[in-house]
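Accompanying notes for the structure given below.
Please treat every number below as a calculation from the coordinates, not as lab data. Small disclaimer: the values here were computed from a predicted structure and weren't measured. A quick note on method: Cβ atoms are made from the backbone with ideal geometry, for glycine too, and the neighbour counts reach across all protein chains shown.
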Amino acid sequence: MRAILLSILAWVIVGCGGASSSGSDSNGSSSTIDAIFSTFGIGIGMGGAFAFDDGSGNPIWLSSSDLILNEQIDKVERYQKISKFDGDAFKSLQSKLKNSKYIVYWITKNWEENWIDATELQKVMDAGYIPVFNYWYFGDELVGGLPDDAKIDEYYKHNQKLSTYLQKLHGKKIVIIEPEFNKDILIEHSTKEQQIAFAKVLGNAIDTIKASVSDTLFSISMIDTGRRGTTQTSAECGYSSCALGDKEIWAKAENIYNTLLSKLDFVSFSEMLGQFSRDDDNPGDYNNPNPKAYTIDEMGMNELDSRVSNIAKFMNEKYKKPVFLSHIAIATATWSDTNSDGAIDDNELDMNGWSSIANSFYSNIISKKDELLTNGLFGLAVMELFDNPQHDKGGYQYFINNEYHLGIVETSAVDETDQYLMGDIVPKGNIVDVLFSE
């Protein structure tokens, strides 16, 4: 769904070596892997810590390990100084998050090891949770073109940096290489040879990490793009309505998956949806987006749970691997251009306009757990726990103002004005209860 801003850049095909992986090699015993893939688990996007406001515009860092494990979280003196701190709400949230299985961390190009304290994360792992590292290195920079040799060399150095960090963690862990890799620049505007070359770059990253890190499963993740209107029909979609899936578009990532398949323990996809975002056909430049709003039917929101089940089945049958939904976000704000000027004004936003839509989806998807598992999907992860008033500020911000409403828990922090979260946390609808019920 990320649109093309620049023409494709030429680059050199880079080879990679390394042995293929299997479910019973040094990455873990077959019984361990079977236990992961045979049961359905829910994950939640975290950071090493969350920055909350202290009442004076300074951060108080709340450890994500405390949020999951510290049963006295409401009594921690440092946390009690958080602006509008609601200890009971934090205890209630913790009681639900304890039922998660996967804790998801994002590793970006600018990531530093001290952002995710290895000692604290080990406590979480020792308690039975499995960390998932979404290794989003190239990210939205791919919108501007495929990496040249110099950028690839920097990537390989970063692979070593991540590998050194992962060596400190003992226990099962997952690394998902380059989630959202299937940008148009790669899938629609590259040759098969260029696609395979890029896949080999990602394969080299897997080999580098695998060479020195044990108990690790690997995957890559594409974002679910393609036609999705409720009334949209096309033989190429492969379903009675394109809201239920788009097999033609899904298949376009096959050169990447097939090149890496012997190195992957499972395959993944993601879902990122909002009532408004950049216009795919006219996205604007990096800092000046052109917004576009969509109806519920245009986005196929009422069929999204069935679409997730269908894409899982499609990928499971095509690649003969288990499937994971690496991250999902349904932005909950809506925009109506009441003055028809093509710009987003504050009074045109409803911060909870799609909360009920998100709530319905999560309820529907959880009711399909058995079907999803049958179709090969062993779990899903919510991208963001908390709405963040500064999310991706200065970045590409595909969802524009809706970037601040990707979580399943909100606070009174004001978009773009407040730097940090407030302590008056409130779950959106009953999403938290639905996802993390025992």
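Give me the log10 of I(q) over I(0) for segment 70-204 at q = 0.11, 0.12, 0.14, 0.16 Å⁻¹, as the Debye formula computes it from C-alpha points; what are the numbers?
Evaluating at q = 0.11, 0.12, 0.14, 0.16 Å⁻¹ gives log10 I(q)/I(0) of -0.56, -0.64, -0.79, -0.92.
About its Cα centre, what dipole magnitude does the chain give when the only charges are +1 on Lys and Arg Cβ and -1 on Asp and Glu Cβ, stated in debye to the nearest 20?
Roughly 1680 debye for the chain.
How big, on average over all directions, is the shadow cast by the Cα convex hull of the chain, in nm²? Walk me through the intermediate numbers first.
Numbers: hull surface 79.1 nm².
Computing the convex hull of the Cα atoms and averaging its projections yields 19.8 nm².
For a quick check of your reading of the filter: which GluC sites (Glu not before Pro) in segment 94-129 sit in a DSSP loop and have no more than 14 other Cβ atoms within 10 Å?
Numbers: sites: 112, 113, 120; in loops: 112.
In loop regions of segment 94-129 (DSSP not H, G, I, E or B), the sparsely surrounded GluC sites (Glu not before Pro) are 112.
In the neighborhood of residue 342, defined by Cβ-to-Cβ distances under 12 Å, what is the net charge if each Lys or Arg adds +1 and each Asp or Glu adds -1?
Working: positive: 292; negative: 279, 337, 341, 345, 348.
Net of charged neighbours comes to -4.
What are the extents of the Cα atoms of segment 196-306 along their three principal axes, in Å, largest first?
Reported extents, whole Å, longest axis first: 48, 38, 25.
Of all chymotrypsin sites (Phe, Trp or Tyr not before Pro) in segment 243-305, which ones are in loop regions per DSSP and have a Cβ with at most 16 other Cβ atoms within 10 Å? Display every interim value, and only then the final one.
Numbers: sites: 250, 257, 266, 269, 276, 286, 294; in loops: 266, 286, 294.
Within segment 243-305, the qualifying chymotrypsin sites (Phe, Trp or Tyr not before Pro) (loop, at most 16 other Cβ atoms within 10 Å) are 286.
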